[in-house]
Protein chains: 2
Amino acid sequence: MRRTSFAESECPIANSLELVGEWWSMLILRDAFDGHTRFDDFQRSLGIAPNMLTRRLAALVDAGLLEKRPYQQRPPRYEYVLTARGRDFRPVLLALYAWGDRHLTAEGRNLVLVDRATGEEVSPVLVDRATGRPLNEIDAVFTAGPDAGPRMRDRYRVEPG
Amino acid sequence: MRRTSFAESECPIANSLELVGEWWSMLILRDAFDGHTRFDDFQRSLGIAPNMLTRRLAALVDAGLLEKRPYQQRPPRYEYVLTARGRDFRPVLLALYAWGDRHLTAEGRNLVLVDRATGEEVSPVLVDRATGRPLNEIDAVFTAGPDAGPRMRDRYRVEPG
DNA sequence: CAGTATCCTGTCCGATACTG
DNA sequence: CAGTATCGGACAGGATACTG
């Protein structure tokens with residue numbers, strides 16, 4: 001997508017989407033979290049065309065979410081593993097999973113998140129780190145930050161209580 | 001995207017992406033959370049072409065995230081407001097925001113999430129609803145659910161401890 | 001103002017064939 | 001096995017003109 005408007009380039013959501021917004025990117029990340037690391041591995045799991053996989057993998061490496069590292073010399077072979085930045089992306093996928101799980105129940109529940117240690121189901125909720133309060137109980141709004149440009153300030157001006 | 005492979009159609013993440021995976025969809029939702037409701041409103045904010053806005057709006061209405069409702073009779077005019085299902089999508093956007101805010105700091109912080117009541121910054125973290133434990137401290141894995149098909153079971157078989 | 005209708009381009013993506 | 005190269009189609013998305 002071409003970012004013509006201000007709202008996209010200065011917004012962290014839009015910027016994130018810029019890196020992982022393509023269809024396959026998040027699905028590749030999902031697979032990475034499931035432990036997949038190799039080209040063929042991803043390809044079989046996703047049913048993605050090889051050229052697309054090459055592109056998306058390269059893009060994710062470029063964006064710093066995946067690291068391409070050799071696991072064998074001759075012939076040169078690489079595996080793709082999550083970087084710290086990539087692992088930190090997990091909440092997005094979990095939020096997406098949780099939403100789909102709650103609302104797209106047409107075909108039943110075919111994927112459940114569990115704690116491997118206890119076997120108990122894990123149900124992800126967003127809370128405020130400081131207070132522990134669930135975010136849906138907070139009237140949380142975006143406001144212009146310290147480095148916001150004029151348009152951003154205009155759009156997100158602080159309107160108290 | 002055409003969903004040829006199993007992994008897409010049976011996975012809640014993929015299914016969610018199917019509804020909101022296009023570039024503009026999530027940005028439109030972001031704007032909806034920021035209080036935008038009207039066509040022109042979205043268009044100015046996003047800098048999106050009108051035909052695309054029509055398409056994406058219709059898709060979101062179709063997917064049940066937005067409701068199109070008349071606010072004036074002659075000429076007929078509509079506003080687009082979040083449904084319950086749409087409002088429940090917010091954690092995804094907040095997770096995306098949080099990730100971008102942490103990792104895409106090139107241009108500084110220009111958007112901050114605050115509690116409107118207190119003015120304090122809110123920092124969204126994912127925790128387990130039952131135990132309150134942060135998800136990054138849990139070894140959480142996906143497993144095949146009760147309604148999973150054979151391929152899903154094969155891929156996500158339960159491997160204890 | 002709130003859209004609809006057309007036309008055009010870019011590119012995402014799939015299919016297939018090929019290589020060390 | 002792990003990709004690269006090439007081809008073609010579908011559609012997202014932009015630009016612009018038009019309407020009540």
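The values are calculated or read from the model by the stated rules, or taken from the named source; none is laboratory data. Small disclaimer: the values here were computed from a predicted structure and weren't measured. Here Cβ is always computed from backbone atoms with ideal geometry, including for glycine, and neighbour counts include all displayed protein chains.
Details
- Checked against (1) touching a residue at least 24 places away in the same chain (Cβ under 8 Å); (2) more than 9 Å from DNA strand C (Cβ to nearest atom); (3) part of a helix (DSSP H, G or I), residue B:61 passes all but a single condition, namely (1).
- Test for residue B:88: is it acidic (Asp, Glu), away from DNA strand D (no atom under 16 Å from the Cβ) and at pLDDT 95 or above: yes
- Qualifying residue in segment B:115-131 (condition: under 30 Å from residue A:110 (Cβ atoms), under 17 Å from the mean Cα position of the chain (by Cα), modelled with pLDDT of 95 or more and exposed (fewer than 13 other Cβ atoms within 10 Å of the Cβ)): no
- Any hit, segment B:76-87, residues being at positive phi and either in a loop (DSSP other than H, G, I, E, B) or crowded, with 18+ Cβ neighbours inside 10 Å (or both): no
- Flag if residue A:56 is charged (D, E, K, R), within 20 Å of residue A:22 (Cβ to Cβ), facing another protein chain (nearest Cβ under 9 Å) and part of a helix (DSSP H, G or I): no
- Residue B:71 meets all of the listed conditions (1) more than 8 Å from every other protein chain (Cβ to nearest Cβ); (2) surrounded by fewer than 17 Cβ atoms within 10 Å (Cβ to Cβ); (3) within 17 Å of residue A:99 (Cβ to Cβ) but one, namely (3).
- Check on residue B:47, within 24 Å of residue A:99 (Cα to Cα), surrounded by 13 or more Cβ atoms within 10 Å (Cβ to Cβ) and either among the acidic types (Asp, Glu) or in contact with a Ser or Thr (Cβ under 7 Å, 6 or more places away or on another chain) (or both): no
- Looking only at segment B:143-161, and only at residues there that are outside any loop (DSSP other than H, G, I, E, B) and facing chain A (nearest Cβ under 7 Å), the one that is modelled with the lowest pLDDT: B:152
- One residue alone among B:63, B:32 is more than 9 Å from chain A (Cβ to nearest Cβ), closer than 30 Å to residue B:151 by Cα and either in contact with a helix residue (DSSP H, G or I) (Cβ under 8 Å, 6 or more places away or on another chain) or away from DNA strand D (no atom under 16 Å from the Cβ) (or both), and that residue is B:63.
- Odd one out for residue A:146, checked against (1) in contact (Cβ under 8 Å) with a residue 24 or more places away in the chain; (2) closer than 27 Å to residue B:102 by Cβ: (1)
- Within segment B:66-83, one or more residues are among the polar types (S, T, N, Q) and more than 16 Å from DNA strand C (Cβ to nearest atom).
- Taking residues in segment A:89-102 that are over 17 Å from residue A:12 (Cβ atoms) and more than 7 Å from chain B (Cβ to nearest Cβ), and partners anywhere that are among the charged types (D, E, K, R) and assigned to a helix (DSSP H, G or I), not one pair has Cβ atoms closer than 8 Å while being at least 6 places apart or on different chains.
- Flag if residue A:19 is touching a Gly at 6+ places or on another chain (Cβ under 9 Å), within 16 Å of DNA strand C (Cβ to nearest atom) and touching a residue at least 12 places away in the same chain (Cβ under 8 Å): yes
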